[in-house]
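Trainee: Mind having a look at this structure? Questions to follow.
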Amino acid sequence: MKSNTFISAFVLLFFSLATPSYAENPDHVKKIKQTKQCPGCDLSGADLSKLNLRQANLQGADLSGANLVGTDLKKANLSNAILTGADLGGANLIGANLSNARLNSANLMWSQLMDTNFRGASLVNVEISEANFTGSDVTDTNFNGVRCGKYPGTYTAPDGSISKAWCTRS
């Protein structure tokens, strides 16, 4: 009997440590959908895909692991937000404020990032294949370990040129 309890406890511990846990606050999800105002909210792991969140205030919000695929975040305030592991594939972030945001291990493939403020942001191990950074402020932005996929393996740089300069691996 003790060995079964020990094995069950070990299996439970193993799986709880092996998979990240994201648990958004349902009240916060409702609030952002209704008002577009949710600074400091816990939206970790939330499915916010394909929503219109233009000019939303998500300053300092926790969006780690959130699904933001195809979401319209044009001119949104995401300064100091935590977007670690978030999927922003195909999202519209034109003119958004992502200053000092953490986007480590996020997906930005095919995202529209023109005229976006990334000043002081962390984009460590981010996938940026086909993302468009034209006109963006990337001053003091950390691009260590950025991935650009295999084909075509490029992105549009702030000066409008097609580039692979930030890409360290595919």
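The values are calculated or read from the model by the stated rules, or taken from the named source; none is laboratory data. Every value quoted in this text rests on a predicted model; they were computed, and no experiment measured them. Every residue, glycine among them, receives a Cβ derived from its backbone with ideal geometry; neighbour counts consider all protein chains shown. All accessible areas refer to the heavy atoms of the entire protein, side chains included, with ligands and DNA or RNA removed. Shrake-Rupley method; radii C 1.70, N 1.55, O 1.52, S 1.80 Å.
Trainee: Suppose we keep only residues that are aliphatic (A, V, I, L, M) and free of Cβ contacts under 8 Å to residues at least 12 places away in the same chain within the range 144-170. Which one would you say is most open to solvent (accessible area, probe 1.4 Å)? Let's see the steps before the verdict.
Mentor: Here is the first cut: in the range 144-170, the residues aliphatic (A, V, I, L, M) are 146, 157, 162, 165.
Applying the additional criterion that residues be free of Cβ contacts under 8 Å to residues at least 12 places away in the same chain yields 162, 165.
Values: Ile162: 121, Ala165: 83 Å².
Going through the qualifying residues, I end up with Ile162.
Trainee: For Ala91, indicate whether it is under 18 Å from Gly40 (Cα atoms) and crowded, with 22+ Cβ neighbours inside 10 Å. Walk me through it before giving the result.
Mentor: Values: under 18 Å from Gly40 (Cα atoms): no; crowded, with 22+ Cβ neighbours inside 10 Å: yes.
No, not satisfied.
Trainee: Checking Ala91 against (1) free of Cβ contacts under 8 Å to residues at least 24 places away in the same chain; (2) in contact with a Lys or Arg (Cβ under 7 Å, 6 or more places away or on another chain): exactly one of these is not met. Which one?
Mentor: Ala91 satisfies every listed condition except (2).
Trainee: Residue by residue through the range 81-99, note down the ones that are of a type in the set (Gly, Ala, Ser) and either within 8 Å of the chain's Cα centre (by Cα) or closer than 15 Å to Asp62 by Cβ (or both).
Mentor: Filtering the range 81-99 for residues of a type in the set (Gly, Ala, Ser) gives 81, 85-86, 89-91, 95-96, 99.
Result: Ala81, Gly85, Ala86.
Trainee: So the check is Cβ under 6 Å with 6+ separation or different chains; which pairs have a first residue in the range 17-35 that's surrounded by 10 or more Cβ atoms within 10 Å (Cβ to Cβ) and part of a helix (DSSP H, G or I) and a second one that's modelled with pLDDT of 95 or more and among the small types (Gly, Ala, Ser)?
Mentor: Cβ pairs passing all conditions: Val29/Ala46.
Trainee: Among Ser129, Ser49, Ser105, which is the only one that is of a type in the set (Ser, Thr, Tyr), open to solvent by less than 20 Å² (accessible area, probe 1.4 Å) and assigned to a loop (DSSP other than H, G, I, E, B)? Write out each step before concluding.
Mentor: Working: Ser49 fails: open to solvent by less than 20 Å² (accessible area, probe 1.4 Å); Ser105 fails: open to solvent by less than 20 Å² (accessible area, probe 1.4 Å).
Answer to the check: Ser129.
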